[in-house]
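A.B. asks: Got a structure here, written out as structure tokens. Questions coming.
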Amino acid sequence: MAKYHQYCPVARASEIFADRWTPLIVRELLAGSRHFNEIQRGLPNISRSLLVSRLRHLENAGVVERKTSARPNVTEYLLTEQGRDLKSVIEPLGVWGVKWAFAAPAEEEMDPALLLWKIHQRIDRRAVPLGRTVVEFDITGRKGRRLWLVLGPNEVSLCLKPPGFDSDLILRADVALLYRVWVGHCEYYDAVRRGEIVVEGPRELARALPGWFMWSPMAGFVRAHREQAGSTRS
């Protein structure tokens, strides 16, 4: 890892945190990923060897602690107190990005499977119905495909293939639109009213669906910035 050879807190912190992919690895750990494959699913373009190297670097720096899981031959990566404190760095970085570097998603940034992985990390399991609920996402647009979330109070699973259970709800939307709703650029109910999101299934279940989503951790900041920009223009 790069050494700046400067006696400066910014330089020292940058040696730990500012390498390519490292902030996003910390983001994934803050989002609740614990296992190597979970971290990689949130970062599909990183190579396994580079992820191994970055995790080892974070472990050596005291940011990450590696533990043996209760399951045999399974390793968990947990943020230490030092690592958890990086939330106070990640969040302002995202807020700066919302203000100065964030617009409509580019084509190469839209990945339905990655989006559903992010959504599955942000399900409010206290709000979902008891038992099993299967939500099928019929995503259109670039790389459009069908994906499934199997929801329950104790576990949420993302399925890239039919899970073997009937779908209780089917949500149809364009991938770009769904990304914009996820990050707070536009509101779910507005998209439903415009017919950009269509949900098929029992009415009460369809009405409850958006209450299960906690949306992106950055969505509140995006909404606040959008409202501020709107009030400035008016």
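A.B. asks: Looking at residue 184, is it within 16 Å of residue 219 (Cβ to Cβ) and outside the structural domain of residue 216 (by TED's automatic domain parsing)? Walk me through it before giving the result.
C.D. replies: On the way: within 16 Å of residue 219 (Cβ to Cβ): yes; outside the structural domain of residue 216 (by TED's automatic domain parsing): no.
Spelling it out, it is not the case that residue 184 is within 16 Å of residue 219 (Cβ to Cβ) and outside the structural domain of residue 216 (by TED's automatic domain parsing).
For (1) under 25 Å from residue 174 (Cα atoms); (2) without any contact (Cβ under 8 Å) to a residue 40 or more places away in the chain, each residue gets a yes or a no:
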| position | (1), (2) |
| --- | --- |
| 15 | no, yes |
| 33 | no, no |
| 42 | yes, no |
| 46 | no, yes |
| 80 | no, yes |
| 102 | yes, no |
| 116 | yes, no |
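A.B. asks: Do we have any residue at all in region 27-39 that's basic (Lys, Arg), touching an Asp or Glu at 6+ places or on another chain (Cβ under 9 Å) and not assigned by TED's automatic domain parsing to the domain that holds residue 114?
C.D. replies: Yes, region 27-39 contains a residue that is basic (Lys, Arg), touching an Asp or Glu at 6+ places or on another chain (Cβ under 9 Å) and not assigned by TED's automatic domain parsing to the domain that holds residue 114.
A.B. asks: Looking at residue 134, is it among the aliphatic types (A, V, I, L, M), surrounded by fewer than 17 Cβ atoms within 10 Å (Cβ to Cβ), without any contact (Cβ under 8 Å) to a residue 40 or more places away in the chain and over 18 Å from residue 14 (Cα atoms)?
C.D. replies: Details: among the aliphatic types (A, V, I, L, M): yes; surrounded by fewer than 17 Cβ atoms within 10 Å (Cβ to Cβ): no; without any contact (Cβ under 8 Å) to a residue 40 or more places away in the chain: yes; over 18 Å from residue 14 (Cα atoms): yes.
So residue 134 fails the test.
A.B. asks: Can you give me the number of residues within region 67-92 that are at pLDDT 95 or above and surrounded by 11 or more Cβ atoms within 10 Å (Cβ to Cβ)? Can you show your working first?
C.D. replies: Of region 67-92, the ones at pLDDT 95 or above are 76-92.
Next, only the ones that are surrounded by 11 or more Cβ atoms within 10 Å (Cβ to Cβ) stay: 76-80, 82-87, 89-92.
Selection size over region 67-92: 15.
A.B. asks: Being touching a Pro at 6+ places or on another chain (Cβ under 9 Å) and among the small types (Gly, Ala, Ser) narrows it down to one of 164, 144, 184, so name that one. Step through it out loud before you land on a result.
C.D. replies: Values: 164 fails: touching a Pro at 6+ places or on another chain (Cβ under 9 Å); 184 fails: touching a Pro at 6+ places or on another chain (Cβ under 9 Å).
Just one listed residue meets the conditions, 144.
A.B. asks: In the set 20, 41, which member is of a type outside the set (Phe, Trp, Tyr) and loosely packed, with under 11 Cβ neighbours inside 10 Å?
C.D. replies: Just one listed residue meets the conditions, 20.
A.B. asks: Considering only residues that are under 15 Å from residue 119 (Cα atoms) and not hydrophobic (A, V, I, L, M, F, W, C), look in region 188-234 and name the one that is surrounded by the fewest Cβ atoms within 10 Å (Cβ to Cβ).
C.D. replies: Among those that are under 15 Å from residue 119 (Cα atoms) and not hydrophobic (A, V, I, L, M, F, W, C), it is 211.
A.B. asks: Mind telling me which of the residues 34, 48 ends up being buried (at least 16 other Cβ atoms within 10 Å of the Cβ) and closer than 22 Å to residue 158 by Cα?
C.D. replies: On inspection, the qualifying residue turns out to be 34.
A.B. asks: Within the group 132, 146, 122, which residue is in contact with a strand residue (DSSP E or B) (Cβ under 7 Å, 6 or more places away or on another chain), at pLDDT 95 or above and either under 30 Å from residue 61 (Cβ atoms) or in the same structural domain as residue 59 (by TED's automatic domain parsing) (or both)?
C.D. replies: Going through 132, 146, 122 in turn, the sole match is 122.
A.B. asks: Can you work out which of the residues in region 173-197 that are among the hydrophobic types (A, V, I, L, M, F, W, C) and in a strand (DSSP E or B) is nearest to the chain's Cα centre (by Cα)? Give the steps one after another, and end with the answer.
C.D. replies: Just the residues of region 173-197 that are among the hydrophobic types (A, V, I, L, M, F, W, C), to begin with: 173, 175-178, 181-183, 186, 191-192, 197.
In the following step, the residues that additionally are in a strand (DSSP E or B) were identified as 173, 197.
Values: 173: 18, 197: 20 Å.
My answer is 173.
The values are calculated or read from the model by the stated rules, or taken from the named source; none is laboratory data. Note that the structure is predicted; figures quoted are calculated from it, not measured. No Cβ is skipped: glycine too gets one built from the backbone with ideal geometry, and neighbour counts run over all protein chains shown.
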